[in-house]
1. Give segment 34-77 a look and list any residue that's under 17 Å from LYS605 (Cα atoms), in contact with a helix residue (DSSP H, G or I) (Cβ under 6 Å, 6 or more places away or on another chain) and of a type outside the set (A, V, I, L, M), or say none.
2. Working carefully through the options ASN844, ASN882, find the one that is of a type outside the set (Lys, Arg) and either modelled with pLDDT of 90 or more or touching a Pro at 6+ places or on another chain (Cβ under 9 Å) (or both).
3. Mind checking whether some residue in segment 218-228 is farther than 18 Å from PHE904 by Cα, at pLDDT 95 or above and among the aliphatic types (A, V, I, L, M)?
4. Could you give me the residue pairs with C-beta distances under 8 Å whose first residue belongs to segment 244-265 and is over 11 Å from PRO166 (Cβ atoms) and free of Cβ contacts under 8 Å to residues at least 40 places away in the same chain, whose second residue is among the polar types (S, T, N, Q) and buried (at least 17 other Cβ atoms within 10 Å of the Cβ) wherever it lies, and which are 6+ apart or on separate chains?
5. Quick test of your reading of the structure: ALA463 fulfils all but one of (1) in contact (Cβ under 8 Å) with a residue 40 or more places away in the chain; (2) surrounded by 14 or more Cβ atoms within 10 Å (Cβ to Cβ). Name the failing condition by number.
6. Would a scan of segment 344-354 turn up a residue that is part of a strand (DSSP E or B) and in contact with a strand residue (DSSP E or B) (Cβ under 7 Å, 6 or more places away or on another chain)?
7. If a residue must be farther than 19 Å from ALA403 by Cα and either at pLDDT 95 or above or basic (Lys, Arg) (or both), how many such residues does segment 316-325 contain?
8. Working only within segment 768-799, note down all residues that are touching a His at 6+ places or on another chain (Cβ under 9 Å) and either within 30 Å of TYR216 (Cα to Cα) or modelled with pLDDT under 95 (or both).
Amino acid sequence: MFKFFTPKSILIGTLLVFNVIIVRAQQFGGNPPSVKWKQINLPAARVIFPAGADSTARRVASIIQQMNNAVKPTIGTKQRQVNIVLQSQTLVSNGFVMLAPFRSEFYLTPEQNSFQLGSLPWAEQLATHEFRHVQQYNNFDVGLSRALHILFGESGQLLGNTVAIPDWFYEGDAVFNETHVTDQGRGRLPYFFNGFRGIWEAGKNYSWMKLRNGSYVDYTPDWYPLGYMMNAYGREKYGPMFWRNVTHSAAAFNRWVYPFQYGIKKYAGEDYKQFRSEALDYFKEKIVDPVNLKSQLYKSNQHFIADQEYPAVVDDSTLIYVKSTYSKRPTFVIRNGRNEKEIRVKDLSLDRYFDYNNGKIVYASFKPDLRWGYRNYNELRIMDVASGTEKKITSKTKYFSPAFSEDGSKIVVVQVEPGGKSTLQVLNTADGTVINAVPNPSNLFYTYPKFYHDQLLAAVRNASGAMTIALINPASGDFEALTPYSKAPVSFLNVADDKVYFSGTTGMNDRLYVLNMADKKLYRLQNDTLQHAIGNYEPFVKGNRLAWASFTAYGYQLHQADLNQIQQEPVEQTGQLQDYGISSLKKDSAADLLARVKTENYPVKKYSKLHNFFNFHSLLPDFEDPDYTLSISGENVINTFQSELYGTYNRDESYKKFGYNAAFGAWFPYLVGGVNYTVDRRATYRGQYVYWNESEIHGGLRVPLNFSGGTHSTFLTVGSETYYSNQHFQKPFQTLFRDGSFTYQNTYLSFSNQIQQPVQNIYPRWAQTFGLSYRKGIISQYNYQVLATSNLYFPGLGKNHSLVFGLAHQQRSKDAVIDFSNNFPFSRGYTVYNLYKMDKVSANYHFPIAYPDKGFGELIYLLRLRGNLYFDYSHAQDFYTNNTQFKGDFRSTGAELFFDTQWFNQLPLTFGLRYTRLLDTDLGGRGQNRIELVVPLTLF
């Protein structure tokens, strides 16, 4: 049977899928109940934060309050208060604004790599970037987007804004804002442009749709730098109001088809294709090195090769580094000459960093908390290179950038406290115990520390975000700035022979430097490769050998050179940041506003966890035939309570169901429950319909657990709910049937375990899932149903092939009084029945077919075409009305063709075609051949 798309279903599907994507950006019930929340309540924002983060909250609130009026004319003057939650427990550096419900979160731990996001105080950069998203959503609530908001709540506006305005604009505009109101921002960092510089210098002139949608075979930069270049060029050429006019026109749908492109044409006087071509050409002229265009390292049709990062020199011919490809997990490898050997797969980590000394490797392995999603750790692992064996030396620690002492007996680490403050700690290598916690009287943020004799070195950021290389006294924490403070980032320290090698930003590139500790003189390293490479990072020196990594369109690639072949150019400082010719960054009163923001002493009050507890924000349609549902969705700001009011119409029986479901996640177990009432249930009795009404109430506990660690992501959820149902027969059937009720218990368990999944792998090469559900009547009825399912994932013959085995068993009571729902994964192609006992085994072989990287009309882009050959075997037992036994086999085989696509240049969607050949008789009476369109459940 075929299922057909309609414009209505596509729009509704887009809405639902985007809600799913955004919900995944946060952690439901992610903080323990011991966290006490406080607030600063201002007209533009309510800043909600855990006790102890008062100073950070006041700074964030001050920036938002004073920045809001200065920059909002360029996006619009509408203002609606947003709730901003400061998360201090997680080690992930992130921030987001979501529209359904309207709220924001700042994850307060800064990155170690200052090239990636900059060196500004992290909470301040989040405020300048994320609050711009708030202003966007506030001012895109116009025209048709406003009408959708009125009809469907915040998810309605989300749908309108998502369809009308591309994701590159949101992030590009926010990056422009962070660059505009500060003296740094990603728009001034060469690292931010490395991706585009890499593909352009490789002669890869990708189509617009490929740049927008990415690729499974080629490196493509994400939409952040793309969006910044488009935004900056538009501001530079057409003035500060240009994007305000374009986006308001698009969000209002002043033109129904391609509203954003229409806005560009209207306010720029040129079509969209010409505008984006000019914008990219403008930056291409600024950042591309003409010498590199004439000396290609690889063929122009070469695909992504691998990322090779953090080289460690063992001897003149041997390197150790981390290698990751699109088809293999990040792995420690050792290379001698041209011979490369894998040592061990790297654990789940927040970055690729490690340190090497005398046959040992130390790095930080990421470890989530067992229960609380916002709490996680970096635990140290030490690996023996010769054997590949590994041991953990710390538990539940928050360590970054570990480095050995010269004799290997000690390790220095950056300890990041909740909220982002950092200290240095010196540990015993043998057991991870703390030898010395270094005071931090200057409130510096430390990155990439190293030992220097009996002192410490680190690239540090001060309170304004300026960086220097610091020599630190481990007893007092006092330090000496060895290089002039600068907003041009420095990073990746390496110490050898009384010299400090590091990377530093110099104008439009990141270069290598050496600091001579004897006389404190600074030199820039020079040779042909260093001069023209796209960034020079992660230096490592041993003896006379220097190794480092640079960016290319084919991944980070390693370089080596003898030190006596490298020139040293004396310099006074590492360098200055560049604006890439965007003069509009400095043109108005908002330029470098952050330096003038005064931190106000706003009053701090308690934030009640019951505040706006239900917070109903959206009306969501969900059409999955035969059920057609409208639900009003709610979620509180600190994300501990989710609920929905819903109404469902069932087309098969024509019944109407109304209900309420809720989940409370603030305690160790979730509390879940709900109530519903169904009108006009019906069944056939002696040739006529019998009608009754049902009421049901249920409640129980659920415990989600996260056992991830090492190289595996492992999750276990257990729960149990009690259901009470009552049936009331309508007139005139009350004389024939007696009203009844029953109670049953639903106990369930779900388990999943998988290794990391590289980009091209269709499924993880090793993974297991298991689900168990046991439903049993209690009190007056004792019927039961048990369902167990499992999927086992194995590598196939090719590196991106997957062999997947499925197993399932379901059994229910012989005489069913309680009609439990049937979730058994029956053999594909057959009519599904809920029989007494069913068993199934299936085999699937998934494989890639092609990577077209082709699109059509800015609407749909085909990334990958893949196939699946399968065989299903189900065996079922049941009983006829005369109590004789029925046994049947249901075998099917066939093939599936899947299309991994992007819609509207930003929405991932997989759909497929399935051909099934039935090898046994279908009880439904249909023929043996089936052709079906396989679509995501989210759409219907």
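1. Across segment 34-77, the qualifying residues are PHE49, THR56.
2. Details: ASN882 fails: either modelled with pLDDT of 90 or more or touching a Pro at 6+ places or on another chain (Cβ under 9 Å) (or both).
From the options ASN844, ASN882, the qualifying one is ASN844.
3. Within segment 218-228, none of the residues are farther than 18 Å from PHE904 by Cα, at pLDDT 95 or above and among the aliphatic types (A, V, I, L, M).
4. Within 8 Å, the pairs are ARG255/SER249; TYR262/SER249; GLY263/THR247; GLY263/SER249.
5. (2)
6. Our first condition is that a residue be part of a strand (DSSP E or B); within segment 344-354, this holds for 344-345.
Next cut, in contact with a strand residue (DSSP E or B) (Cβ under 7 Å, 6 or more places away or on another chain) only: 344-345.
So far as segment 344-354 goes, yes, one or more of its residues are part of a strand (DSSP E or B) and in contact with a strand residue (DSSP E or B) (Cβ under 7 Å, 6 or more places away or on another chain).
7. Going residue by residue through segment 316-325, those that are farther than 19 Å from ALA403 by Cα are 316-318, 323-325.
Within this subset, residues satisfying the condition of being either at pLDDT 95 or above or basic (Lys, Arg) (or both) are 318, 323-325.
Matching residues across segment 316-325 total 4.
8. To start, the set of residues in segment 768-799 that are touching a His at 6+ places or on another chain (Cβ under 9 Å) comprises 786-789, 795-796.
Within segment 768-799, PRO795, GLY796 meet the criteria.
The values are calculated or read from the model by the stated rules, or taken from the named source; none is laboratory data. Just so it is clear, the structure is predicted and the values come from calculations on it, not from any experiment. So basically every Cβ, Gly included, is an ideal-geometry build from the backbone, and we count neighbours across all protein chains shown.
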